[in-house]
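Undergrad: Would you mind keeping the following structure in view while I ask a few things?
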Amino acid sequence: MQQRRVGATGLTVSRLGLGTMTWGRDTDEHEARDQLIAFAEAGGTLVDTAAGYGNGASEELVGSLIGDVVSRDEVVLATKAGISARNGGRTYDTSRGHLLATLDASLRRLGVEHVDLWQVHIWSDDTPLEETLAALDQAVTSGRASYVGVSNYTGWQTAQAATWQRAVPGRTPLASTQVEYSLLNRAVEHEVLPAAAALGLGVLPWSPLGRGVLTGKYRSGTPSDSRAASTHFSNFVGPYLDERGAGIVEAVARAADGLGLSALEVALTWVRDRPGVTAPIVGARTAAQLRGALGVEELSLPPEIIAALDDVSAD
């Protein structure tokens, strides 16, 4: 798999990342093992998780497979901190103390001494930005993280954080921003992508398949084994099952038919090759689904197809 640099840093990753949000909950150990084997065999290196995924279950499962399925130096291990589950709900805490304590817990679950990329999972108005960013500096200077980034920041938040880190020598520059980006959600093109380009951040799109909708699986209803049918993902997928979404999905399906490809391949290739994108993060329920995504490595879309998809999905 082709490797790309993460922004203006020396860190290189595969141009597709393996997402593990469902690991330890919807994806069991056997499926996770098969996914990681398939990903590594395809030349994939970037494995993305978070302390908030399954309340640590994802990190534990990833950690149990590193050193077994793949060696530590064969993967670029990325995790995030700042979102956790408490009392049945989600809480956001980006204070320095909480972030560093979360990082230490992540390292224990992952069974490693450091992560390659550590990201603040969410912006929070409850903590001064400089305090949040100080945690990133400390993570790097203490050797617990090699590179740092942010996730789910707006354009102005991205620019403010990246500029703050570049303002004084000794601070650790941000390497990346992880944001939702797909044909169904192109909002980041207005401000986040220009900010990332101007300030040297690599872009790691999450949900590049529109929360699964762009695969076409919902064209004729909601499959019983799909995320939209599950209690904890139905609200996540639901917003894209509207008239606008249906129109975009049909356009992707027509393009796929004309090219002899799947809708998944068309949608994922489109995101992967957008300006500024380093590596879309692909999460799959099964190894078979993941292999379908890994097949895009040899693909590129004709300019006229890209233009048509750009037109039908424009905000």
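The values are calculated or read from the model by the stated rules, or taken from the named source; none is laboratory data. Since the model is a prediction, treat every value here as computed from it, not as a measurement. Methodologically, a virtual Cβ is constructed for each residue, glycine included, from the backbone with ideal geometry; neighbour enumeration extends over all protein chains shown.
Undergrad: Just to confirm my filter: which helices (runs of 4 or more DSSP H) fall fully inside the stretch 250-315 and include at least 3 residues that are more than 15 Å from SER182 (Cβ to Cβ)?
TA: 287-294, 303-313
Undergrad: Pairs under 6 Å by beta carbon, first residue within 19 Å of ILE122 (Cα to Cα) and among the basic types (Lys, Arg) in the stretch 163-190, partner modelled with pLDDT under 95 and surrounded by 20 or more Cβ atoms within 10 Å (Cβ to Cβ), six or more apart or different chains?
TA: Nothing qualifies.
Undergrad: Given the structure, is PRO128 modelled with pLDDT of 95 or more, over 19 Å from the mean Cα position of the chain (by Cα) and farther than 18 Å from GLY19 by Cα?
TA: In short, yes.
Undergrad: Same structure, new question: Do we have PRO173 as part of a loop (DSSP other than H, G, I, E, B), modelled with pLDDT under 95 and either over 21 Å from the mean Cα position of the chain (by Cα) or surrounded by fewer than 23 Cβ atoms within 10 Å (Cβ to Cβ) (or both) here? Talk me through it step by step, then tell me what you get.
TA: On the way: part of a loop (DSSP other than H, G, I, E, B): yes; modelled with pLDDT under 95: no; either over 21 Å from the mean Cα position of the chain (by Cα) or surrounded by fewer than 23 Cβ atoms within 10 Å (Cβ to Cβ) (or both): yes.
When the stated conditions are applied, PRO173 does not pass them.
Undergrad: Hey, can you tell me all the residues within the stretch 15-51 that are closer than 30 Å to ARG86 by Cβ, part of a loop (DSSP other than H, G, I, E, B) and β-branched (Val, Ile, Thr)?
TA: Listed by number, the residues that qualify are THR20, THR22, THR49.
Undergrad: ALA78 - would you say it is among the small types (Gly, Ala, Ser), in a loop (DSSP other than H, G, I, E, B), touching a residue at least 12 places away in the same chain (Cβ under 8 Å) and out of contact with any helix residue (DSSP H, G or I) (no Cβ under 7 Å at 6 or more places or on another chain)?
TA: Values: among the small types (Gly, Ala, Ser): yes; in a loop (DSSP other than H, G, I, E, B): no; touching a residue at least 12 places away in the same chain (Cβ under 8 Å): yes; out of contact with any helix residue (DSSP H, G or I) (no Cβ under 7 Å at 6 or more places or on another chain): yes.
Against the criterion (among the small types (Gly, Ala, Ser), in a loop (DSSP other than H, G, I, E, B), touching a residue at least 12 places away in the same chain (Cβ under 8 Å) and out of contact with any helix residue (DSSP H, G or I) (no Cβ under 7 Å at 6 or more places or on another chain)), ALA78 does not qualify.
Undergrad: Related question: What is the residue count in the stretch 78-102 for residues that are crowded, with 24+ Cβ neighbours inside 10 Å, on the phi < 0 side of the Ramachandran plot and not hydroxyl-bearing (Ser, Thr, Tyr)?
TA: 4
Undergrad: Going through the stretch 52-69 one residue at a time, which ones are of a type in the set (Gly, Ala, Ser) and assigned to a helix (DSSP H, G or I)?
TA: GLY54, GLY56, ALA57, SER58, GLY63, SER64
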